[in-house]
Every structure is written in structure tokens, then in C-alpha cells.
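The structure appears right after this line, and notes come after that.
None of the figures in this text is laboratory data; all of them are computed from the coordinates on show. Just so we're clear, the structure is a prediction, and the values are computed from it rather than from any experiment. So basically every Cβ, Gly included, is an ideal-geometry build from the backbone, and we count neighbours across all protein chains shown.
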Amino acid sequence: MRRSQLCSSIPVWPLALLALLTILPETARSQNLVAGAPPNSHAKAYGSGWECDYGYREAAGACALVKVPANGHSVDYSSGRGWECDRGYRETGEACAPVKVPENAHSADSSYGRSGWECDRSYREVHGTCMAVTIPDNSYRVDSSFGRGWECDRGFRATSDACVAVSVPENAYLQRDGSNWACERGFQRTGQSCLPITIPEHAYLDSAGGSWRCDRGYKKTVSSCAVLGVPPNAHIGNSGEEWECNRPYRRQEDKCISS
């Protein structure tokens, strides 16, 4: 077989692949370089410009090495110091100081917060210590590091450090939260009582049941429904309590005049 025939029989694609693999590293490296970018930086994955490598943060146009203090660890955030304290330590200036956990408390998962610790269940924070929560009669304990640490049973209201019974008057009911009451439909709250709502002539009880509205064509006053005076070239409006001029008339004081 002639040499020319032998060369023509060799596939071309392996040679092209080899050339591409030779070029790729240089291409990838060039894509990571940005004109004017400082050392220890790379091109942003999205958009233009550059950003610092992991373990560095931008400072005055350069990428400075993040100095992680003892008992701390690096974090991959674009803002902040570039480090956080380990569990059981909290940030104090440029260092991580041990969290002093008082009795009946435990370290918090975060180095931030009030003190880097939280009170155990059944205790609450009082001036940097954890005091036992006293549960009054007619109440139950709640799992919260804030507040009293307890809530009153339904039908009782918290007053200082006790739970007092909610006195529900006649024609009233206990509301959903269980600590207050409201009047039944057709009754209105007056002080600590529920009195019947007086509905005047040409009126009806509204949908909420706590007041009344006038029939269409009447206007509500303090305690009655006055007939609505509709002038010529006008009609009762959609609300039923006011009138409007017919088009193309326009309102002028209490009458409708031609435009």
C-alpha cells in the first residue's frame, strides 16, 4: 500500500479531538482572567467583572486574605468578614470569645443572638440569668424563650402573674382566642353588658349584626331613617342612601341643572 493511501485511511476526528483538548485549558484559563482584575480573583459566573476567590474578600479594589481567628471558620459570603465563630463562641471584635452559658441554659446554634445561649425549657431569661417559670392556676406552659413562658386556659385572661376568669354577660359569647367576649347578633356592647339594638322604622339589621342600615331611599340619621328627597332629573344612587343626577344633568347644591 502506498504511503498516500495509508494516510488517507487514518480517521481525522481523533486528531481534531487532540487539538481541541490542547486548546481547552488555555481557553478556560483565559475565561477566568479579567482585564485589570487583582490577584486571587476570577471572572464572575454571571455578568461582567470579577470577584475574589474563596478565602479572600474585596478591600480597596484588591482581594485580601481572610484571617480566620481561633475557634472560627471561613464562610462563603460576598459580604461581611468572611468568617464566623464556631458553636459555643461569639464574635468579639476580630476574635471568637467563649460563650459563658449560665445555669439552666444551653448554647445556641448561632454565634449571634442576645448572648449566644438560650434558656432551657421551663426557664426564661431575666437580666442575663435563667429563672424558673412559675405556672399560675388555669394556665399552661408554652415553649418560648420570650414572654412569660405560659398562657392562660381558654376562658381566662392574663393579669400580671395570674389568670382570671373571663366574665361573659348575658347575650354574649366567648371569642375564638378565649380571652374576651363579644355580643350576639342583634345586641350591642355597652360597658360590660350586651343591650338589644333598637332598629328604627324603614331600617334592618346589617349583615354583621352589630348595627342597622336604612332601606333603599332613606338616609341614616343618629337614631332614625329619613326619607331621601330626590330632586327632578335625578335618581337614587347605588348605595340607596344618596341621589345622583341623570346624565347629562349635573349637580348644583340640591338640584340638577342642564350642562
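Return the tail of the calculated pair distribution for segment 115-203, meaning the percent of Cα-Cα pairs more than 21 Å apart. Result for the distance tail: 50 percent. Scalar couplings 3J(HN,Hα) for segment 120-132, obtained by applying the Karplus form with A = 6.51, B = -1.76, C = 1.60 to θ = phi - 60°, are 5, 4, 6, 10, 9, 6, 9, 6, x, 10, 10, 9, 5 Hz; x denotes Gly and Pro.
Computed from point charges on the beta carbon alone (+1 for Lys and Arg, -1 for Asp and Glu), the dipole magnitude for segment 175-259 about its Cα centre is near 160 Debye.
Residue by residue, segment 160-167 carries 3J(HN,Hα) couplings of 6, 10, 9, 10, 9, 5, 7, 8 Hz when phi is fed to the Karplus relation 6.51 cos²θ - 1.76 cosθ + 1.60 (θ = phi - 60°); x denotes Gly or Pro.
Annotation: amide H of Phe156 within the under-5 Å range of Val166, sequence separation 5 or more or interchain, hydrogens built in the peptide plane. Note that segment 189-206 has calculated 3J(HN,Hα) couplings of 6, 9, x, 10, 10, 10, 9, x, 7, 7, 9, x, 5, 6, 9, 8, 6, 6 Hz, one per residue in order, obtained from phi through the Karplus relation 6.51 cos²θ - 1.76 cosθ + 1.60 (θ = phi - 60°); glycine and proline are x. Amide H to amide H, with H built 1.01 Å from N, Tyr56 comes under 5 Å of Val66, counting only residues 5 or more places away or on other chains.
Under a 5 Å amide H cut-off, with hydrogens placed 1.01 Å from N, Ala203 pairs with Asp215 among residues at least 5 apart or on other chains.
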